[in-house]
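Notes for the one structure printed next.
The values are calculated or read from the model by the stated rules, or taken from the named source; none is laboratory data. On a predicted model such as this, the values are computed, not experimentally measured, just so you know. Note: ideal-geometry Cβ built from the backbone for every residue, glycine included; neighbour counts use all protein chains shown.
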Amino acid sequence: MNPSGCTPTLQNFYDSHWCGYVLRNKHVTGVLGKFTAAATTGTKKKRAHASQWVGLGGFGNSQLLQAGTGMDTARLHWYSLTWTHNAWWEEIQSTGNGKTSDTKMQYVFIVLPGDQMCVQIVQLAKDSYHLTINDTRGSGQTWSKTVKFTPPDNSDSTANVRSAEWIVEKYTILKNDKDTSSSYIFGDFKAVFTNCQYYIGHRMVRMNSGSGVLCKVTFWGDDPSPSLKDKKHVHWVTPSKPGNDNESFTVKSASYK
């Protein structure tokens with residue numbers, strides 16, 4: 001699980017959508033992760049959206065294969081909100097010129113806050129990947145699918161262009177019912193990831209073990225493009241350090257800085 005006792009190089013990144021960890025290694029062929037489906041905190045006047053997922057690719061490129069859970073509150077009456085919480089998978093492919101050519105997304109079953117989810121994506125053949133989503137503490141539902149997916153080009157033998165991800169994305173309190181993108185504020189929540197591992201062939205490696213680059217991704221900004229220099233107007237959420245087991249971490253809301 002920890003080849004040669006080595007650890008990846010740690011780098012810090014900032015993003016207006018993602019918060020979590022990305023392991024970049026040109027030999028990555030699969031990913032595994034468990035997390036607890038967290039709840040959003042929408043109010044009578046503000047909707048909320050949340051997404052937690054495990055995936056391959058999409059970090060610095062437009063080719064991403066991911067699966068996880070998403071929760072969204074919706075207006076039921078003027079004085080109340082209802083919510084939906086689903087397991088889902090998504091595939092994003094690139095035309096080769098940096099533009100997204102095809103996106104496939106599907107909801108697969110309903111989950112509840114507090115359910116323990118296990119997501120696994122493994123390579124079966126060159127462009128064939130198998131996805132599994134398992135609700136291990138809750139409904140007990142399991143979904144799986146084999147898809148055709150072309151990972152980022154690895155022709156440059158020195159580049160860590162392939163990656164495995166464990167991410168909380170746009171855990172957002174929306175400003176109003178019509179707002180779908182302009183507010184990137186993380187709500188009050190706590191997301192715990194465990195068993196974060198990646199595959200190199202048939203060998204499994206803990207997130208904070210082995211070779212490659214481990215990217216610590218901090219969410220930043222109320223504004224879609226805030227200035228790092230103007231910290232007092234930026235909302236920061238950063239993942240915890242990897243646990244002593246080298247395969248767990250926590251993402252939780254933080255105050256303005």
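Selection within the range 120-153: residues that are in a loop (DSSP other than H, G, I, E, B) and loosely packed, with under 14 Cβ neighbours inside 10 Å. The member of this set that is modelled with the lowest pLDDT is Asp153.
Filtering the range 216-242 down to residues that are in a loop (DSSP other than H, G, I, E, B) and within 18 Å of the chain's Cα centre (by Cα), which residue is modelled with the lowest pLDDT? Reasoning before the result, please.
To start, the set of residues in the range 216-242 that are in a loop (DSSP other than H, G, I, E, B) comprises 221-230, 234-235, 238-242.
Retained after the next criterion (residues that are within 18 Å of the chain's Cα centre (by Cα)): 221, 238-242.
Working: Gly221: 61, Thr238: 87, Pro239: 93, Ser240: 95, Lys241: 95, Pro242: 96.
The residue in question is Gly221.
Out of the residues in the range 98-148 that are in contact with a Phe, Trp or Tyr (Cβ under 9 Å, 6 or more places away or on another chain) and among the small types (Gly, Ala, Ser), which is farthest from Lys34 (Cα to Cα)? Going through the qualifying residues, I end up with Ser128.
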